[in-house]
Amino acid sequence: MHAVVCIKQVPDTTEVKIDPKTNTLMRKGVPSIANPYDLHALEEALHLKDRYGGKVTAISMGPTQAREVIKKAISLGADDGILLCDVVFAGSDTLATSYILSQAIREINERERVDVILVGKQAIDGDTAQVGPGIATRLGIPPLTYVLRIDDVDLKGRKIRVERMLETGREVVEASLPVLLTTVKEANEVRYASLPNLVKAIRHEVKVWNKNSFPLDPSQCGLKGSPTQVKKIFAPPAREIKVEIIPDGEKAPEQAAALLAEKLDLKL
Amino acid sequence: MNSVSLSDYKDVWVFIEQIDGKISDVSWELMGIGRQLADERKAKLSGVLLGSQVAGLASEAFYRGADSVYVMDGPILKDYRTRAYTQGIVELARKYKPETFLIGATTLGRDLSGAVATELRTGLTADCTGLSIDPETGLLQQTRPAFGGHIMATIYCAEKRPQMATVRPRVMRMPPRDPSRTGEIVSEKLGLTEEDVKTKRIDFIEEVGKALHIADARVIVSGGRGLGEAKNFSLLKELASVIGGTVGSSRPPVDAGWISPEHQVGQTGNTVRPKVYFAIGISGAIQHLVGMQGSDIIVAINKDTNAPIFKVAHYGIVGDLFRVVPALTKTFRERMKKS
């Protein structure tokens, strides 16, 4: 069983702010983390390895500092990792990103057949949830999104059965392998790194692939390959509502509650 | 070689999401904004409806403003599967060349839109909160929050068509309904067999009555870190049951295991738009606000007068929630008895 997991390095969005004077992103000093949803995807891949044996390969597209998420993956139990890094990849929107990742996965598949590709349902910076389905479409394999549970993998029969988390319930779906899964955070709890794996990660030399390492059409990468462009960014508009504080929450809470109930009564 | 130019692409399309023959509200919400965009472009508004035995649903699209509906009907489309629906829409788009295509950002829509946009090699902007036409260029201006809502971004898709965007449910308003409106139905057949679709639905386990439906709730009573411990959610459960609400949560209680994730409201949880949202012991971090600031009325109960939640609330009580909430429950219970 060979699983490939795509992990994105993202800014910790709790820290990102916009400078109201210049309308630009203040990214200085904002820590980078592995996209939490992708760690759940990795955990699911490690579960598969625990159950069926085999190998987990982690890949990430990003600048050189994204090495850290590959090392993180190794520390959690991934066997191998590749960083896709080239200045030509910079500025890629989701279409260009899915192109680059799918070409890398094709190359990995050439060397060692890939059975399952796992990605998190979305990245916490872009929040688009588009790259997963995009990769699957380009590779001509089924995307199964919002996966809550992998029920069974039949490697010989080339089938997989999963449960997807939809708005009104859980859908049980069977698909042929190879397949791409996007996972929700409710799927699992990300494990702690074991000491041996932590040591392995520290020693691990992250393989780096640039634009010449695998078949790529540069016109489909970076800004050139991105049909969408950000025209402008701005701070969210300030709300005009001024709050009506109902007295007196500290000295007479029962009274305040009664006043509030009266104001809400018509609306409820 | 026959080259297609941008001016060959016309009209606004809206995906009509149907599940077991029931059309999701977001389809009509998008029909509303779609009508505005089409009018500005002096173009037509069309619905796109896929399914099995669904042609009869098309008339509602006319009542909501569509000029025409493209229908693809067949047993292979009965339950949503990415490959079948993607292929159908891609075939329609290649043949009829829409300029703009809107899809509701439901689990189905988010699954479908990424696949369609990739197949068509076009641009897709997810979770737009604003859509308008640039008066100078005629391009679709797609505005959405990013970085957890800390910034707003306006995105263009200048050179590829259709310009695709998804919008979450309850972001756009429901348009009026005019049952006298009619329109044209264009039927097409999907060029795929069952063998081509490599996935199969085995079962569907309905989970009604759980907080899985929080996105549709009319009243939400949400708790945050200020509750202190898991058992204090019982205070909120009581209030919610008296006023007919659903219990919600900010992220910290979910992370701490006080309540399960489906109750979570916010950037990594659910986006909600209830009539009334109670934020109890919730400070009002931006990641939470992003999920609930569309609520009609926001009520904040917090002991910290400087909590950011008071900047977005309509009503607020500064005080001890352990006294205020039971008092609220008691008051509402008495009011219910009287009426």
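The values are calculated or read from the model by the stated rules, or taken from the named source; none is laboratory data. Since the model is a prediction, treat every value here as computed from it, not as a measurement. Here Cβ is always computed from backbone atoms with ideal geometry, including for glycine, and neighbour counts include all displayed protein chains.
Quick rundown of the values:
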| read-out | value |
| --- | --- |
| Qualifying residue in the stretch B:138-149 (condition: in a loop (DSSP other than H, G, I, E, B) and hydroxyl-bearing (Ser, Thr, Tyr)) | no |
| Matching residues, the stretch B:301-323, being more than 13 Å from residue A:247 (Cα to Cα) and small (Gly, Ala, Ser) | B:307, B:313 |
| In the stretch A:123-157, the residues that are closer than 22 Å to residue A:48 by Cα and more than 10 Å from chain B (Cβ to nearest Cβ) | A:139, A:147, A:148, A:149, A:150, A:152, A:153, A:154, A:155, A:156, A:157 |
| Any hit, the stretch B:118-131, residues being over 18 Å from the mean Cα position of the chain (by Cα), among the hydrophobic types (A, V, I, L, M, F, W, C) and buried (at least 24 other Cβ atoms within 10 Å of the Cβ) | no |
| Residue in the stretch A:183-196 that is within 9 Å of chain B (Cβ to nearest Cβ) and not aliphatic (A, V, I, L, M) present | yes |
| Residue B:10 being in contact with a Lys or Arg (Cβ under 8 Å, 6 or more places away or on another chain), in contact (Cβ under 8 Å) with a residue 12 or more places away in the chain, of a type in the set (Lys, Arg) and over 18 Å from residue B:91 (Cα atoms) | no |
| Flag if residue A:130 is surrounded by 21 or more Cβ atoms within 10 Å (Cβ to Cβ) and not aliphatic (A, V, I, L, M) | yes |
| Odd one out for residue B:112, checked against (1) surrounded by 14 or more Cβ atoms within 10 Å (Cβ to Cβ); (2) of a type in the set (A, V, I, L, M); (3) within 11 Å of another protein chain (Cβ to nearest Cβ); (4) more than 20 Å from the chain's Cα centre (by Cα) | (4) |
| Qualifying position, being modelled with pLDDT of 95 or more, more than 20 Å from the chain's Cα centre (by Cα) and facing another protein chain (nearest Cβ under 9 Å), among B:225, B:201, B:181 | B:201 |
| Test: residue A:242 is of a type in the set (D, E, K, R), without any contact (Cβ under 8 Å) to a residue 12 or more places away in the chain and at the interface with another protein chain (Cβ under 8 Å from one of its Cβ atoms) | no |
| Boolean, residue B:161 is part of a loop (DSSP other than H, G, I, E, B), of a type outside the set (Asp, Glu) and more than 12 Å from every other protein chain (Cβ to nearest Cβ) | no |
| Matching strands (runs of 3 or more DSSP E) fully within the stretch B:179-268 where at least 2 residues are aliphatic (A, V, I, L, M) and touching a residue at least 24 places away in the same chain (Cβ under 8 Å) | B:184-188, B:219-223 |
| Options B:301, B:286; residue that is under 25 Å from the mean Cα position of the chain (by Cα) and β-branched (Val, Ile, Thr) | B:286 |
| Residues within the stretch B:277-335 that are facing chain A (nearest Cβ under 7 Å), among the hydroxyl-bearing types (Ser, Thr, Tyr) and out of contact with any strand residue (DSSP E or B) (no Cβ under 8 Å at 6 or more places or on another chain), tallied | 1 |
| Selected residue [over 16 Å from the mean Cα position of the chain (by Cα) and either more than 10 Å from chain A (Cβ to nearest Cβ) or over 15 Å from residue B:19 (Cα atoms) (or both)] from B:144, B:64 | B:64 |
| Filter result for the condition that a residue is modelled with pLDDT of 95 or more, assigned to a strand (DSSP E or B) and either within 14 Å of chain B (Cβ to nearest Cβ) or surrounded by 22 or more Cβ atoms within 10 Å (Cβ to Cβ) (or both), over A:101, A:118 | A:118 |
| Any hit, the stretch B:298-309, residues being in a loop (DSSP other than H, G, I, E, B), free of Cβ contacts under 8 Å to residues at least 40 places away in the same chain and surrounded by 17 or more Cβ atoms within 10 Å (Cβ to Cβ) | yes |
| Residue count for the stretch A:164-217, restricted to those that are of a type in the set (D, E, K, R) and closer than 30 Å to residue B:197 by Cα | 8 |
| Every residue from the stretch B:93-109 that is under 13 Å from the mean Cα position of the chain (by Cα) and free of Cβ contacts under 8 Å to residues at least 40 places away in the same chain | B:107 |
| The stretch B:266-283 - residue that is modelled with pLDDT of 95 or more and buried (at least 21 other Cβ atoms within 10 Å of the Cβ) and, of those, nearest to residue A:12 (Cα to Cα) | B:282 |
| Strands (runs of 3 or more DSSP E) contained in the stretch A:143-252 and holding at least 2 residues modelled with pLDDT of 95 or more | A:143-154, A:159-165, A:169-176, A:179-183, A:207-209 |
